[in-house]
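The values are calculated or read from the model by the stated rules, or taken from the named source; none is laboratory data. The structure displayed is predicted, hence computed values, not measured ones. Note that we place each Cβ from the backbone using ideal geometry, even for glycine, and neighbour counts take in every protein chain shown. Note: accessible area is taken over every heavy atom of the protein model, side chains too, but ligands, DNA and RNA are not part of it. Shrake-Rupley method; radii C 1.70, N 1.55, O 1.52, S 1.80 Å.
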Amino acid sequence: MRLLVLGSGAGGGVPQWNCRCPQCSRAREERGLPGSQKVFRRTQASIAVAEAGERWILVNASPDLCSQFAQAKELAPPEGSLRGSPLAAVALTDGQLDHTTGLLFLREGTEIRLACTDPVWKSLNSTFPVVSVLRHFLPVERSSYPAEFGGVRIEALPLSGGPAPYEAPSEERGHVVALRLVGQKSGRRLVYAPGLPEISEAFVAFVSGCDALFVDGTFWSEEELTPMSAERQRSIRQSHLPVSGSEGTLAWLAHLPVPEKFYIHVNNTNPILDPEAPQAKQVREAGVRIAYDGMLLSLYPSHS
Ligand SMILES: [Zn+2]
């Protein structure tokens, strides 16, 4: 089973277009450097997963989708055919703009197979009618969870997070999920949770026994929230646990017996973007890595 990190930044990416903070400025200075030398620069979070062969599942469709596909040789049209794509399906964790806007850029294809929860499907057909727009270009075939594509079973765990900001507040479950992708041949399991509001008992059970875990690395602490409405701040706090602090994710991850642990969905304000920062050192010392654009992770079959 293989996992390719297409983007590792939070909404807006790094640099964010209207931000001149030190980290965004350093990301801007990386313009023109080869990809391997870009340390700060990040596109918006998205991963692709394949079991065997060349059928890839895209998990979340970021607004940077076109440049992410252009960078990834794994997602190029198959050799020997003029048109086509190894993309088998798209699976969504939620209806946030940085995870769904990219769907619009798949309109040149012949069909989109889309897995998402009922509340997200409803949003994408009403308040943010991406699916209604896409259906003018190609068929969109929807699956609920659990789903299976290209030899990968996708299971979802509803989290406590609310709907995307463009929706009215709602207590309904299923606006945000963590996804577990299980290779049907390899037996490998990975969990993707770019928006983690709490470490519930159910989430602990969901990640138990997985081979790789990608967790919400949006904020180091709540102090990073830039001036915005109190309502928006509250909603962000309820959607993303910070990395640091006794209630943060790092204290939990440090003792979690999962072989491969990563932060993804890192916001431009998070000091862990700077490898020299003490916060980044603290993450490394806890045995957790920080995912970067273009990172490829291979999980070999458990019986080999
Ligand atoms: Zn910034």
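Per-structure values
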read-out: Fraction of accessible area attributable to carbon and sulfur, the stretch 2-298 (%, probe 1.4 Å); value: 52 percent
read-out: Separation between Cα centres of the stretch 1-36 and the stretch 176-200, rounded to whole Å; value: 24 Å
read-out: Set of aspartates and glutamates near Lys185 by C-alpha distance (under 18 Å), chain-local residues within fewer than 8 positions excluded; value: Glu51, Glu54, Glu148, Glu155, Asp211
read-out: Span from the the stretch 84-133 Cα centroid across to the the stretch 240-285 one, whole angstrom; value: 29 Å
read-out: P(r) of the stretch 1-156 over all Cα-Cα pairs, binned every 5 Å from zero, in whole percent; value: 2, 9, 17, 20, 20, 14, 9, 7, 2, 0
read-out: Residue among Cys24, Cys116, Cys66 with the largest mean-square fluctuation in a Gaussian network model of the chain, springs linking Cα atoms under 10 Å; value: Cys66
read-out: Area projected by the alpha carbon convex hull of the chain, averaged over all directions, nm²; value: 15.9 nm²
read-out: Per residue, in Å², the accessible surface of the chain once ligands and nucleic acids are set aside, probe 1.4 Å; value: 47 Å²
read-out: Rounded to the nearest 20 debye, dipole of the chain from Cβ charges on Lys, Arg, Asp, Glu; value: 580 debye
read-out: Rg in Å to one decimal, and Dmax rounded to a whole Å, for the stretch 113-213 via C-alpha atoms; value: 14.8, 43
read-out: Cβ-based charge dipole, the stretch 2-298, positive-most Cα from Gly209, Leu273, Gly53; value: Gly53
read-out: Helix-only mean residue ellipticity at 222 nm for the chain, each DSSP H run of n ≥ 4 adding -39500 (n - 2.57), per residue, nearest 500; value: -5000 deg cm²/dmol
read-out: Length-normalised contact order for the chain - Cα pairs under 8 Å, 6+ apart - percent; value: 19 percent
read-out: Residue with peak Gaussian network fluctuation, the chain [Cα springs, cutoff 10 Å], from Arg28, Arg234, Arg113; value: Arg234
read-out: Rounded to the nearest 10 Å², the accessible area of Lys261 at probe 1.4 Å; value: 20 Å²
